[in-house]
Amino acid sequence: MARVAVDVVLLPEADMAEQAIALNQALVEKHGSDIVLDRAHCLPHVSLAMGCIQSDALQAIASDLQSAMRKNPVKKLHLRHLTHNHHGGAVVSSIELQVREDLQQLHVQVMRAMAPYSSYEVTEAMFTGERPIAPSALNWVQNFPQQSSGDRFQPHITLGYGPCAQAELPATFAPEALAVCHLGNHCTCRKVLHRLPCQ
(Lines give C-alpha, C1' and ligand atoms only; values in the text may rest on other atoms or scores of the structure.)
Protein backbone atom coordinates (compact mmCIF):
# COMPACT_ATOMS: atom_id res chain seq x y z
CA MET A 1 0.00 0.00 0.00
CA ALA A 2 1.08 3.57 -0.66
CA ARG A 3 2.45 5.83 2.05
CA VAL A 4 0.69 9.16 2.49
CA ALA A 5 1.70 12.33 4.34
CA VAL A 6 -0.88 13.16 6.98
CA ASP A 7 -1.69 15.72 9.62
CA VAL A 8 -3.72 14.80 12.70
CA VAL A 9 -5.63 17.98 13.48
CA LEU A 10 -8.39 19.64 15.43
CA LEU A 11 -10.91 21.25 13.09
CA PRO A 12 -12.45 24.44 14.54
CA GLU A 13 -16.19 24.92 14.87
CA ALA A 14 -17.93 26.52 11.89
CA ASP A 15 -17.93 30.15 13.08
CA MET A 16 -14.19 30.12 13.81
CA ALA A 17 -13.43 28.34 10.54
CA GLU A 18 -15.34 31.02 8.62
CA GLN A 19 -13.42 33.78 10.38
CA ALA A 20 -10.12 32.12 9.50
CA ILE A 21 -11.26 31.78 5.89
CA ALA A 22 -12.21 35.49 5.77
CA LEU A 23 -8.79 36.51 7.12
CA ASN A 24 -7.16 34.24 4.57
CA GLN A 25 -9.19 35.75 1.72
CA ALA A 26 -7.92 39.20 2.69
CA LEU A 27 -4.35 37.88 2.53
CA VAL A 28 -4.99 36.30 -0.87
CA GLU A 29 -6.43 39.55 -2.25
CA LYS A 30 -3.57 41.66 -0.89
CA HIS A 31 -0.56 39.37 -1.19
CA GLY A 32 -1.59 36.55 -3.55
CA SER A 33 -1.07 33.86 -0.92
CA ASP A 34 -0.43 30.31 -2.16
CA ILE A 35 -2.71 29.08 0.65
CA VAL A 36 -6.42 29.53 -0.11
CA LEU A 37 -8.55 28.23 2.75
CA ASP A 38 -12.08 26.88 2.37
CA ARG A 39 -14.41 24.42 4.10
CA ALA A 40 -14.01 21.60 1.56
CA HIS A 41 -10.54 21.39 0.01
CA CYS A 42 -8.18 23.41 2.22
CA LEU A 43 -9.36 23.30 5.81
CA PRO A 44 -8.48 25.68 8.65
CA HIS A 45 -6.94 23.44 11.32
CA VAL A 46 -4.77 23.07 14.42
CA SER A 47 -1.99 20.53 13.85
CA LEU A 48 -1.34 17.96 16.58
CA ALA A 49 0.97 15.52 14.75
CA MET A 50 2.38 15.01 11.26
CA GLY A 51 3.91 11.95 9.67
CA CYS A 52 3.80 9.44 6.84
CA ILE A 53 1.57 6.37 7.20
CA GLN A 54 0.57 3.34 5.20
CA SER A 55 -2.94 4.00 3.92
CA ASP A 56 -4.12 0.56 5.09
CA ALA A 57 -3.21 1.47 8.70
CA LEU A 58 -5.85 4.18 8.86
CA GLN A 59 -8.50 2.20 10.75
CA ALA A 60 -6.04 1.09 13.43
CA ILE A 61 -4.78 4.66 13.78
CA ALA A 62 -8.34 5.98 14.04
CA SER A 63 -9.11 3.55 16.87
CA ASP A 64 -6.02 4.64 18.82
CA LEU A 65 -6.81 8.31 18.21
CA GLN A 66 -10.36 7.86 19.47
CA SER A 67 -8.97 6.36 22.68
CA ALA A 68 -6.53 9.28 23.04
CA MET A 69 -9.32 11.79 22.54
CA ARG A 70 -11.58 10.03 25.03
CA LYS A 71 -8.84 10.15 27.69
CA ASN A 72 -7.88 13.76 26.92
CA PRO A 73 -11.00 15.69 25.86
CA VAL A 74 -10.52 19.30 24.76
CA LYS A 75 -13.74 21.30 25.08
CA LYS A 76 -12.40 24.78 24.35
CA LEU A 77 -9.42 26.26 22.54
CA HIS A 78 -8.11 29.58 23.83
CA LEU A 79 -6.72 32.28 21.55
CA ARG A 80 -3.41 33.92 22.29
CA HIS A 81 -3.09 36.42 19.43
CA LEU A 82 -2.85 37.00 15.69
CA THR A 83 0.76 36.91 14.62
CA HIS A 84 3.02 36.81 11.61
CA ASN A 85 6.40 35.10 11.58
CA HIS A 86 9.20 34.65 9.09
CA HIS A 87 9.61 31.12 7.71
CA GLY A 88 12.20 30.47 5.02
CA GLY A 89 12.19 34.06 3.85
CA ALA A 90 8.39 34.35 3.76
CA VAL A 91 5.98 36.01 6.17
CA VAL A 92 3.29 33.60 7.42
CA SER A 93 0.27 34.81 9.40
CA SER A 94 -1.36 32.61 12.03
CA ILE A 95 -3.85 32.58 14.88
CA GLU A 96 -1.78 31.37 17.83
CA LEU A 97 -3.47 29.44 20.62
CA GLN A 98 -2.64 29.10 24.28
CA VAL A 99 -0.85 25.89 25.25
CA ARG A 100 -3.17 24.75 28.04
CA GLU A 101 -2.76 21.45 29.86
CA ASP A 102 -5.67 19.68 28.13
CA LEU A 103 -4.44 20.63 24.65
CA GLN A 104 -0.81 19.77 25.48
CA GLN A 105 -1.83 16.36 26.80
CA LEU A 106 -3.96 15.63 23.74
CA HIS A 107 -0.98 16.50 21.53
CA VAL A 108 1.28 14.18 23.55
CA GLN A 109 -1.23 11.33 23.37
CA VAL A 110 -1.80 11.80 19.64
CA MET A 111 1.96 11.73 19.01
CA ARG A 112 2.13 8.53 21.08
CA ALA A 113 -0.79 6.97 19.20
CA MET A 114 0.80 7.78 15.84
CA ALA A 115 4.29 6.54 16.72
CA PRO A 116 3.83 2.84 15.79
CA TYR A 117 2.51 3.78 12.35
CA SER A 118 4.52 6.88 11.37
CA SER A 119 7.76 7.58 9.63
CA TYR A 120 9.18 10.97 8.67
CA GLU A 121 10.94 10.01 5.45
CA VAL A 122 8.59 12.05 3.31
CA THR A 123 8.61 12.49 -0.46
CA GLU A 124 6.59 14.66 -2.84
CA ALA A 125 4.64 11.61 -3.97
CA MET A 126 3.12 11.27 -0.49
CA PHE A 127 1.34 14.66 -0.78
CA THR A 128 -1.88 15.27 -2.66
CA GLY A 129 -2.63 18.10 -5.09
CA GLU A 130 -0.45 20.47 -7.02
CA ARG A 131 3.25 20.07 -7.71
CA PRO A 132 5.99 20.92 -7.00
CA ILE A 133 5.73 20.58 -3.23
CA ALA A 134 7.44 23.47 -1.41
CA PRO A 135 10.67 22.48 0.39
CA SER A 136 9.21 24.03 3.56
CA ALA A 137 6.34 21.48 3.50
CA LEU A 138 8.79 18.58 3.26
CA ASN A 139 10.82 20.08 6.11
CA TRP A 140 7.75 20.47 8.36
CA VAL A 141 6.95 16.77 8.07
CA GLN A 142 10.56 15.56 8.27
CA ASN A 143 11.29 17.59 11.37
CA PHE A 144 7.95 17.61 13.16
CA PRO A 145 9.05 15.51 16.19
CA GLN A 146 12.17 17.61 16.79
CA GLN A 147 10.81 21.06 15.97
CA SER A 148 7.08 21.01 16.73
CA SER A 149 6.30 18.40 19.38
CA GLY A 150 6.57 18.13 23.15
CA ASP A 151 7.86 21.37 24.67
CA ARG A 152 8.07 22.86 21.16
CA PHE A 153 4.37 22.33 20.42
CA GLN A 154 2.91 25.66 19.27
CA PRO A 155 -0.76 25.24 18.38
CA HIS A 156 -2.00 27.62 15.71
CA ILE A 157 -4.23 28.05 12.67
CA THR A 158 -2.17 29.05 9.64
CA LEU A 159 -3.90 31.84 7.71
CA GLY A 160 -1.55 32.28 4.76
CA TYR A 161 1.38 34.21 3.40
CA GLY A 162 1.80 37.89 4.16
CA PRO A 163 1.16 40.04 7.24
CA CYS A 164 -2.44 39.83 8.44
CA ALA A 165 -4.34 42.86 9.67
CA GLN A 166 -5.51 42.64 13.28
CA ALA A 167 -9.11 41.50 13.77
CA GLU A 168 -11.62 40.92 16.55
CA LEU A 169 -11.70 37.21 17.28
CA PRO A 170 -13.44 35.22 20.03
CA ALA A 171 -11.39 34.49 23.14
CA THR A 172 -12.37 30.82 22.95
CA PHE A 173 -13.89 28.44 20.45
CA ALA A 174 -14.74 24.76 20.40
CA PRO A 175 -13.05 22.09 18.30
CA GLU A 176 -15.59 20.42 16.01
CA ALA A 177 -13.64 17.25 15.24
CA LEU A 178 -10.30 15.50 15.41
CA ALA A 179 -9.35 14.44 11.90
CA VAL A 180 -6.64 12.65 9.97
CA CYS A 181 -6.04 14.71 6.83
CA HIS A 182 -4.03 14.07 3.67
CA LEU A 183 -1.48 16.85 3.39
CA GLY A 184 -1.22 19.09 0.36
CA ASN A 185 1.34 21.71 -0.58
CA HIS A 186 2.37 24.12 2.20
CA CYS A 187 1.13 21.48 4.72
CA THR A 188 -2.49 22.31 4.00
CA CYS A 189 -5.25 19.85 4.93
CA ARG A 190 -6.63 18.87 1.54
CA LYS A 191 -8.68 15.76 2.26
CA VAL A 192 -10.21 14.31 5.42
CA LEU A 193 -9.28 10.63 5.60
CA HIS A 194 -10.97 10.02 8.95
CA ARG A 195 -13.04 12.25 11.23
CA LEU A 196 -13.86 11.85 14.93
CA PRO A 197 -16.44 14.30 16.36
CA CYS A 198 -15.28 16.09 19.51
CA GLN A 199 -18.73 16.60 21.05
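Overview of values
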quantity: Structure-derived log10 I(q)/I(0) by the Debye sum over Cα atoms at q = 0.10, 0.12, 0.13, 0.16 Å⁻¹: which label, when the choices are [x] -0.37, -0.54, -0.64, -1.01; [y] -0.41, -0.58, -0.68, -0.99; [z] -0.44, -0.64, -0.74, -1.09; calculated: [x]
quantity: Residue-span extension gain [residue 39 to residue 172] - 0.36 nm each, minus C-alpha spacing; calculated: 45.9 nm
quantity: Dipole of the chain [Lys/Arg +1, Asp/Glu -1 at C-beta], most positive-end residue of 115, 148, 84; calculated: 115
quantity: Sorted peptide list for 57-64, 109-116, criterion being average Cβ within 10 angstrom, highest first; calculated: 109-116, 57-64
quantity: For the chain, built as a Gaussian network whose Cα springs stay under 10 Å, the top-fluctuating residue of 77, 27, 169; calculated: 169
quantity: Pair residue 143, residue 83: separation of 7 Å Cα→Cβ label points (nm); calculated: 1.7
quantity: Those lysines that a straight Cα-Cα span of less than 28 Å connects to residue 30, excepting residues fewer than 8 apart in one chain; calculated: 191
quantity: For segment 1-62 and segment 80-118, distance of Cα centres in Å; calculated: 13
quantity: Computed magnitude of the charge dipole of the chain (debye, nearest 20; Cβ of K, R +1, Cβ of D, E -1); calculated: 340
quantity: Fraction of accessible area attributable to carbon and sulfur, the chain (%, probe 1.4 Å); calculated: 49
quantity: HN-Hα J in Hz across segment 141-157 - Karplus 6.51, -1.76, 1.60, θ = phi - 60°, x for Gly and Pro; calculated: 5, 4, 10, 4, x, 7, 9, 9, 10, x, 5, 9, 5, 10, x, 6, 10
quantity: Linear extension gain, residue 131 paired with residue 60, 0.36 nm per residue minus alpha-carbon span; calculated: 22.6 nm
quantity: Peptides 139-149, 9-19, 124-134 ordered by average Cβ neighbours within 10 Å, highest first; calculated: 9-19, 139-149, 124-134
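The values are calculated or read from the model by the stated rules, or taken from the named source; none is laboratory data. In this text, all values refer to a predicted model and were calculated from it rather than measured experimentally. So basically every Cβ, Gly included, is an ideal-geometry build from the backbone, and we count neighbours across all protein chains shown. For the accessible areas, the whole protein counts, side chains as well, though only heavy atoms, and no ligand, DNA or RNA atoms are used. Shrake-Rupley method; radii C 1.70, N 1.55, O 1.52, S 1.80 Å.
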